[in-house]
Amino acid sequence: MSGMAVEARFWASRYASTLSGRSAPGAPESGRISRPLSCNRSVSLATVIEAILLCLLVGMVANPVTASDRDVAIALAREGRCEVALEALSALDGLPETDPLVARRIGECALRLQRFREAARALETARRLDPDAPGVDLHLAMAHFHLGNHDAAAEALSRARTTSSDRPEFLLYSGLLAIESGDDDSAIRSLDAASRLSDRSVEPVASFHLGKALARAGDQERAKAAFERVKRQFPDSEWARQADRALAAMREDSGIPTWASLELGFEHDDNALLRGRGVGRPEEVSGQSDERGYWYLDVGALLLDQRDWSGGLTLRYGGTENNELERFDTHAPGGSLWLDRALGTATLRAQYDFDAAWIDSDPFVLSHLVSLSLFEPWSSGGNTVFSVAVGVDDYRYDRRPVPDGPPGGGTGDPCADPTRPCSPFGVDEVDETDRDGTGLRVGVIHHEPLPFENGWFKRPWIEGGYRYSRYWSEGREYDHQRHQVEIGAGIELPMALILRVAGHYAYVPHDHPTVFPDPSDVVIGQQYPLDSRNRREHETGIRIRLERAFAEHVLVSTRWSRTRNRSTADVFDYTRDLFGISVRIGLGG
């Protein structure tokens, strides 16, 4: 029977059951008629139209409607008319959860329509009801693969091996899973076998991914042959265009891959001085807020790309230009060297970073950081990053001493210089505030996509993590630990807008009391008191960012952030709000 005939049978059966006073499975209540049609009762226009449609549909088939709704729906699925088949199959009350064939056909049609979550649910049901159903494990592996559940896909594919190992789909997805696990040799064997079958149902996908696997393995000639085969056998297709781009990239691979990006932005800072509680401002400064422009230039090169190893170099230069507070203009060059090692699906990275900063043309800090991080993707589509780092900071700014009070003196005692306040006797502010030191950082951050979305909101995700740091400074003022908890979320909004929201809380216990007095305790010509408690800080922060990409190379974003640092030392107790907008342009890479 033709697909049109089967479809006509299905709709005819629905109209027939409606006119006979019985709703077809899944029909709305409004379509139900309480009594059969008769000549001695009023007839609505809708009923007449339904009767006419019934006659037309019945006339399209040679035989009267005798097949059950289940059989018609299954026939629709078998003939590949999946849109109407899915509606018909889903309308079979109770059968999608109890009938293995119905569940299997729902899964197969959902898979064909790329509704992978629906496919996976239905195929799991079909397998539970009938573990030996033909093809169910293979199709389940395909659905899980497209959902990013690679472990589940591999498990289902392993079960399918005994019955489906000669199927083109089995060979294709075996190769794709091998690529995901970093096993190029296995991928090449499976994809090459799939591309040679007389059944061409998985082409040109198999040949295209075979070319990519061969290129990664260093077999350039066979890779070119695979891509050329895609172009020759499937001209004017999207796969042919992708193969052409892959060939162009291979021709360019004789040089060193490079990339660059430039970000230009403008922001308003309501506390550019980072003024603490009660802290005054310099006489030449009219206020603590300011606007500034900023820039960030980043260039890089991939210097090593050999199978499981890759590495490269990046150079960067950032800076700010303030509107009023020109003495806080900054220039910050830096660079990184990294080396990556593939470990199955995970990637281990060793990295060295060098950064420097100048404020108002005066050197401020030089920093060196060596880090080791492990990037681990999961079958759910999420990923986790574990990191550990050791750094050294060398601060170059000048520090000024404060005169000591009299030996044995106390708070409020007169200072030797009546025009200046003085500290308790024996406090050496220059030594105590020496920030040079060594730091240790450890962190774990997990990113997870959420399994729901609709037409308006797409690809939601959440992330969270914990970071710990320890800093040992030359002076006692900056010896501290930091415990930080982070959480974030994001979603794609209409008009391709991406919304990102992140927040953090940090507890920062210092090893010693501060040598900075509370501003309210400072009196000219008198010795000020110092807090005897070790300094403690509680920092909270929130960041909201809205961005949109234009083509492949331009990203426009706007953002707001607030930081609130509560400290037992008033000079470090502050609130800061930043509002900004920026444009980033990227090339290469």
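The values are calculated or read from the model by the stated rules, or taken from the named source; none is laboratory data. Worth saying up front: this structure is predicted, and the values here are computed from it rather than measured. All Cβ positions, glycine included, derive from the backbone under ideal geometry; neighbour counts span all protein chains shown.
Consider only pairs whose beta carbons are under 7 Å apart and that are at least six residues apart or on different chains; among these, list those whose first residue lies in region 561-589 and is buried (at least 17 other Cβ atoms within 10 Å of the Cβ) and whose second residue is of a type in the set (Phe, Trp, Tyr).
Correct list of pairs: Asn565/Phe572; Asn565/Tyr574; Ala569/Phe516; Val571/Phe516; Gly580/Phe266.
Can you name every residue in region 366-395 that is part of a loop (DSSP other than H, G, I, E, B) and touching an Asp or Glu at 6+ places or on another chain (Cβ under 6 Å)? Show your work before the answer.
In the first step, residues of region 366-395 are kept if they are part of a loop (DSSP other than H, G, I, E, B); the result is 378-382.
Of everything in region 366-395, those that are part of a loop (DSSP other than H, G, I, E, B) and touching an Asp or Glu at 6+ places or on another chain (Cβ under 6 Å) turn out to be Ser379, Gly382.
Quick check on region 157-174. Is at least one of its residues more than 30 Å from Pro235 (Cβ to Cβ) and under 30 Å from the mean Cα position of the chain (by Cα)? Before you say what the answer is, go through the steps one by one.
Initially, region 157-174 is screened for residues more than 30 Å from Pro235 (Cβ to Cβ), giving 157-165.
Going one step further and asking which of them are under 30 Å from the mean Cα position of the chain (by Cα), we end up with 157-158.
There is at least one residue in region 157-174 that is more than 30 Å from Pro235 (Cβ to Cβ) and under 30 Å from the mean Cα position of the chain (by Cα).
Could we say that Thr320 is hydroxyl-bearing (Ser, Thr, Tyr) and under 25 Å from the mean Cα position of the chain (by Cα) here?
On the way: hydroxyl-bearing (Ser, Thr, Tyr): yes; under 25 Å from the mean Cα position of the chain (by Cα): no.
When the stated conditions are applied, Thr320 does not pass them.
List, please: which pairs have Cβ atoms under 9 Å, are six or more places apart or on different chains, and start with a residue in region 214-227 that is farther than 16 Å from Arg196 by Cα and end with one that is part of a loop (DSSP other than H, G, I, E, B) and modelled with pLDDT under 80?
Listed pairs, sorted by first residue: Ala215/Asp253; Arg216/Arg307; Ala217/Arg307; Gly218/Arg307; Gln220/Asp253.
Taking Gly439 as the residue in question, decide whether it is on the phi > 0 side of the Ramachandran plot, among the small types (Gly, Ala, Ser) and either more than 23 Å from the chain's Cα centre (by Cα) or in the same structural domain as Glu118 (by TED's automatic domain parsing) (or both). Even if it seems obvious, please write down each step before you answer.
Details: on the phi > 0 side of the Ramachandran plot: no; among the small types (Gly, Ala, Ser): yes; either more than 23 Å from the chain's Cα centre (by Cα) or in the same structural domain as Glu118 (by TED's automatic domain parsing) (or both): yes.
The answer is no for Gly439.
Within the set of pairs 6 or more residues apart or between chains, which connect a residue that is within 16 Å of Asp479 (Cβ to Cβ) inside region 506-521 to a residue that is surrounded by 21 or more Cβ atoms within 10 Å (Cβ to Cβ) and acidic (Asp, Glu) with Cβ atoms less than 6 Å apart?
Val515/Glu477
Results for (1) farther than 25 Å from Val388 by Cα; (2) β-branched (Val, Ile, Thr), shown as yes or no for each residue.
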| residue | (1), (2) |
| --- | --- |
| Asp436 | no, no |
| Leu440 | no, no |
| Ile445 | no, yes |
| Pro460 | yes, no |
| Glu463 | no, no |
| Tyr468 | no, no |
| Arg482 | no, no |
| Ala496 | yes, no |
| Asp531 | yes, no |
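When Val285 is evaluated against the numbered criteria (1) aliphatic (A, V, I, L, M); (2) modelled with pLDDT of 95 or more; (3) over 30 Å from Gly588 (Cβ atoms), which criterion, by number, is the only one it fails?
(2)
Results for (1) buried (at least 17 other Cβ atoms within 10 Å of the Cβ); (2) farther than 16 Å from Asn565 by Cα; (3) modelled with pLDDT of 95 or more, shown as yes or no for each residue.
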residue	(1), (2), (3)
Asp479	yes, yes, yes
Arg482	yes, no, yes
Ala489	no, yes, yes
Met495	no, yes, no
Arg500	yes, yes, yes
Tyr505	no, no, yes
Asp511	no, yes, yes
Tyr528	yes, yes, yes
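Considering only residues that are among the aliphatic types (A, V, I, L, M) and either under 13 Å from Leu176 (Cα atoms) or in a loop (DSSP other than H, G, I, E, B) (or both), which ones fall in region 129-142?
Residues of region 129-142 that are among the aliphatic types (A, V, I, L, M), as a first pass: 129, 133, 136, 138, 140-142.
Listed by number, the residues that qualify are Ala133, Ala141, Met142.
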